[in-house]
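**Student:** My questions will all concern the structure given below.
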Amino acid sequence: MSDKGPSVSDEEWAAFVEAARKDGVGSDAVPEPRRRRLRRPDRQERHERQDRFRRQERQERQDRPERREPEGWRTWPARQETNRRGRARRQVKGVVGITLAAGLLLLALRPDLITDRLPEGLGGPGDRTPLAAETARPTQAPPEEAFPDRPTLKEPFKGSPALRWADGAAGIELPRAKAVGGLSQERVAQGLDMARRFLVTANLDPATLRGQRPTEAIELLDPRQKDVHGIVDRALSRPDEKHNPLWLFSRFDPAEVRLVGDVVKTRGRTTFVAGERPGEVLIHADYTFVYPLVKTRPGFDEVARTVVRRQMTFALYDPSRILATPGRLNVLRMEESAGNDDCTRDGTGFLHPEFSEDLAAKPPRTGPEVDPYDRSKDLAEAGEDCHGVVTRT
């Protein structure tokens, strides 16, 4: 990837952090942002994936042992009567087999005919039962359907695991505050609330999503962290690859796309721990946001989803021990991964979802396949990559 953050050498950065710690200052450190953009596969890739699934099914059927009935006694005329009955049974079985095969084929092509009629809680792509809040990192990705339903203007989350996720800010649930790191329970609760407000404004506020300045989120950040404020101001006014507002904010070009409906699906968790120094609490946020979008061109009705995952660490300081502004947060970590984002357009300050017509006009995609709904791994493990291909959106 090309977004490497401030051009500071590892030696200079280490010296800076060490000096800041010795001085008891926790407000000036600049986190190194990381972004990863994952592109949608083109139509040919999706067909190839479905063909592989069908070939695997056929091979599994061929590998199953054939069941044969043992030969009966050769008696007459009882055997003749048995043969007549056997032929009748075989004819009935043949009709049932043809009907069953046709039904299975129809179900493979249109699973929604069955799954959309299942009672809630039975699973499947039609299940809309809300998931319980995420309290720990998942051990694996959500199950992937072989033939997921396509999203529509009326049901933009159809065929997505996000169908069962919480709506917007309801998905950002906070843990119960307690005194830790030398800060009172009340101060920790205040810090958690500020972190939630930042995430909501930065990723869910309609004005922010339309590209407007997220003033409320910026005002939650400590003004003593001047380098962070400088990067944010430059990124919002004159974005480029080294000054990218997408490090912190989800933004779409209103001249290009618009949100379908008013719901963004959200899933994740917030945790907090005592920092290394007395008077320091670290708040970790790990959330995935799913945005359904459509082009603003009149008559366009294809829905595409962009899946953004953010991992952020905020620091809450006791001003009597560490130089900091009361009632403000410091940003120590900001990592982001965007699934279905055109990485050839970096530096514009917007996410650029790709639609079928966009993919058809470009060469076939290459790169590792990545599931943007997989929350089982840390973003730091994934590295920075502009060439990954999403398996689904």
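**Student:** How many residues does segment 304-320 hold that are charged (D, E, K, R) and closer than 17 Å to ALA202 by Cβ? Lay out the reasoning, then the answer.
**Tutor:** Of the residues in segment 304-320, the ones charged (D, E, K, R) are 305, 309-310, 318.
Right, trim to closer than 17 Å to ALA202 by Cβ and you get 309-310.
Number of matching residues: 2.
**Student:** Next question, about the same structure. State whether the residues of segment 284-300 include one that is outside any strand (DSSP E or B), farther than 23 Å from LEU379 by Cβ and of a type in the set (A, V, I, L, M).
**Tutor:** Initial filter on segment 284-300 (outside any strand (DSSP E or B)): 296-300.
After this cut, where a residue has to be farther than 23 Å from LEU379 by Cβ as well, the list is 296-300.
If we keep only those that are of a type in the set (A, V, I, L, M) too, we end up with none.
Within segment 284-300 (the criterion being outside any strand (DSSP E or B), farther than 23 Å from LEU379 by Cβ and of a type in the set (A, V, I, L, M)), the answer is no, since none of the residues qualifies.
**Student:** On to the next question. What are the residues in segment 196-210 that are surrounded by fewer than 17 Cβ atoms within 10 Å (Cβ to Cβ) and either modelled with pLDDT under 95 or of a type outside the set (A, V, I, L, M) (or both), if any? Give the steps one after another, and end with the answer.
**Tutor:** As a first pass, look at segment 196-210 and keep what is surrounded by fewer than 17 Cβ atoms within 10 Å (Cβ to Cβ): 206-207, 210.
If the condition is that a residue be surrounded by fewer than 17 Cβ atoms within 10 Å (Cβ to Cβ) and either modelled with pLDDT under 95 or of a type outside the set (A, V, I, L, M) (or both), then PRO206, ARG210 are the ones that fit.
**Student:** Look through segment 301-347, keep the residues that are crowded, with 17+ Cβ neighbours inside 10 Å and among the β-branched types (Val, Ile, Thr), and return whichever of them is farthest from PRO372 (Cα to Cα).
**Tutor:** Quick first cut of segment 301-347, residues crowded, with 17+ Cβ neighbours inside 10 Å only: 303-318, 322, 324, 328-343, 346.
With among the β-branched types (Val, Ile, Thr) added as a condition, the list becomes 303, 306-308, 313, 322, 331.
Values: VAL303: 17, THR306: 9, VAL307: 6, VAL308: 8, THR313: 21, ILE322: 38, VAL331: 24 Å.
Out of the qualifying residues, it is ILE322.
**Student:** What number of residues within segment 357-369 satisfy the criterion of being open to solvent by 30 Å² or more (accessible area, probe 1.4 Å), farther than 30 Å from SER237 by Cβ and either acidic (Asp, Glu) or not in a loop (DSSP other than H, G, I, E, B) (or both)?
**Tutor:** Adding up the residues that qualify gives 3.
**Student:** Sticking with this structure for a sec: Looking at segment 266-285 only, could you name the residues that are open to solvent by 10 Å² or more (accessible area, probe 1.4 Å) and touching a helix residue (DSSP H, G or I) at 6+ places or on another chain (Cβ under 6 Å)?
**Tutor:** ARG267
**Student:** For residues in segment 131-171 being open to solvent by 70 Å² or more (accessible area, probe 1.4 Å) and among the polar types (S, T, N, Q), which is nearest to THR271 (Cα to Cα)?
**Tutor:** Going through the qualifying residues, I end up with THR135.
**Student:** Can you confirm whether VAL263 is open to solvent by 10 Å² or more (accessible area, probe 1.4 Å) and either touching a residue at least 12 places away in the same chain (Cβ under 8 Å) or at positive phi (or both)? Give the steps one after another, and end with the answer.
**Tutor:** Values: open to solvent by 10 Å² or more (accessible area, probe 1.4 Å): yes; either touching a residue at least 12 places away in the same chain (Cβ under 8 Å) or at positive phi (or both): yes.
Answer is yes for this residue.
**Student:** Does ALA255 qualify as being loosely packed, with under 14 Cβ neighbours inside 10 Å, assigned to a loop (DSSP other than H, G, I, E, B), modelled with pLDDT of 95 or more and not aromatic (Phe, Trp, Tyr)? Give the derivation first.
**Tutor:** Values: loosely packed, with under 14 Cβ neighbours inside 10 Å: yes; assigned to a loop (DSSP other than H, G, I, E, B): yes; modelled with pLDDT of 95 or more: yes; not aromatic (Phe, Trp, Tyr): yes.
Criteria met by ALA255.
**Student:** Okay, moving on. Condition test on ALA235, is it open to solvent by less than 30 Å² (accessible area, probe 1.4 Å) and in contact with a His (Cβ under 6 Å, 6 or more places away or on another chain)?
**Tutor:** Details: open to solvent by less than 30 Å² (accessible area, probe 1.4 Å): yes; in contact with a His (Cβ under 6 Å, 6 or more places away or on another chain): yes.
Yes, satisfied.
The values are calculated or read from the model by the stated rules, or taken from the named source; none is laboratory data. Fair warning: this is a prediction, and the values are worked out from it, not measured in the lab. Cβ coordinates were reconstructed from backbone atoms using ideal geometry, including for glycine residues, and neighbour counts include every protein chain displayed. For accessibility, only protein heavy atoms count, side chains too; no ligands or nucleic acids. Shrake-Rupley method; radii C 1.70, N 1.55, O 1.52, S 1.80 Å.
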